[in-house]
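K.L.:
Here it is, the structure, as structure tokens.
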Amino acid sequence: MGTDGRVVVGVDHTLSGLQALRRAVAEARARRQPLHAVRAWKPAPTSWYVSLAEQREHEAAAASQLVTEAFVETMGGVPTDLPVELIGKPGIPGEVLVEHANRTDDLLVVGTGSRRFWRRWLRDNVAWYCLAWARCPVLVVPPPALTLDASPRALRRQLHRELDRLLEPPGGKPA
């Protein structure tokens, strides 16, 4: 492998997050560095019928499953040609990522998240936090070009039309 640095990527299931995961894998391969796929989550409030340890265990299992699914969706599975570490940590996502990518020779890769003003305003912006507080270079990956052209609702309608067209039997519409 290359230097002591790592490529650290924040993993989520948004299109921008999946695009960031693809880019992080490419960067890790090009730099010949290990990849750390980090899933951070804000811990849910505890309930009276579940112990804190049980709840944290359940949250960690869900985070691990989400990271594995993200690799499956983007690359068909976790890459075997480079060292990959799957990490799940409770906490505020931006803070967890900056804390984990604490070496100056690390590369932190994050997706941009939503470009819609009201969504950015309602939730924390992880990319902005990482840009402001990280000690290492930060690569902010935009969402795929397809998502920039239309609203999610329009994309869903277009996808349904395409699926209907593909599922239509030869020779016309189904009866």
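K.L.:
Which residue out of Val50, Val11, Val25 is among the β-branched types (Val, Ile, Thr) and touching a Gly at 6+ places or on another chain (Cβ under 7 Å)?
P.N.:
Details: Val50 fails: touching a Gly at 6+ places or on another chain (Cβ under 7 Å); Val25 fails: touching a Gly at 6+ places or on another chain (Cβ under 7 Å).
Checking each option against the conditions leaves just Val11.
K.L.:
Next question, about the same structure. Which one of Pro137, Pro83, Pro144, Pro79 is farther than 12 Å from Gly10 by Cα, modelled with pLDDT under 90 and not aromatic (Phe, Trp, Tyr)?
P.N.:
Matching residue, one of Pro137, Pro83, Pro144, Pro79: Pro144.
K.L.:
Right, next: Residues of the stretch 31-74 being within 14 Å of the chain's Cα centre (by Cα) and open to solvent by 70 Å² or more (accessible area, probe 1.4 Å), which ones?
P.N.:
Scanning the stretch 31-74 gives Gln65, Glu69, Val72, Glu73.
K.L.:
State the number of residues belonging to the stretch 95-112 that are open to solvent by less than 30 Å² (accessible area, probe 1.4 Å) and at pLDDT below 95.
P.N.:
Summing the residues that are open to solvent by less than 30 Å² (accessible area, probe 1.4 Å) and at pLDDT below 95 in the stretch 95-112 gives 1.
K.L.:
Considering every residue within the stretch 37-45, establish whether at least one is farther than 16 Å from Val109 by Cβ, free of Cβ contacts under 8 Å to residues at least 12 places away in the same chain and either small (Gly, Ala, Ser) or part of a helix (DSSP H, G or I) (or both).
P.N.:
no
K.L.:
Condition (residue is among the small types (Gly, Ala, Ser), farther than 23 Å from Ala127 by Cα and modelled with pLDDT of 90 or more) applied to the stretch 41-61: is it met by at least one residue? Write out each step before concluding.
P.N.:
Of all residues in the stretch 41-61, those among the small types (Gly, Ala, Ser) come to 44, 47, 51, 53, 60-61.
Adding the requirement that they be farther than 23 Å from Ala127 by Cα leaves 47, 51, 53, 61.
Within this subset, residues satisfying the condition of being modelled with pLDDT of 90 or more are 61.
There is at least one residue in the stretch 41-61 that is among the small types (Gly, Ala, Ser), farther than 23 Å from Ala127 by Cα and modelled with pLDDT of 90 or more.
K.L.:
Mind listing whichever residues of the stretch 9-40 are β-branched (Val, Ile, Thr), farther than 18 Å from Ala134 by Cβ and touching a helix residue (DSSP H, G or I) at 6+ places or on another chain (Cβ under 8 Å)?
P.N.:
The answer is Val25, and nothing else.
The values are calculated or read from the model by the stated rules, or taken from the named source; none is laboratory data. What you are looking at is a predicted structure, and each value in this text was computed from that prediction instead of being measured. Backbone-built Cβ (ideal geometry, glycine too); neighbour counts: all protein chains shown. To get the accessible areas, we keep the full protein, side chains included, count just its heavy atoms, and leave off ligands, DNA and RNA. Shrake-Rupley method; radii C 1.70, N 1.55, O 1.52, S 1.80 Å.
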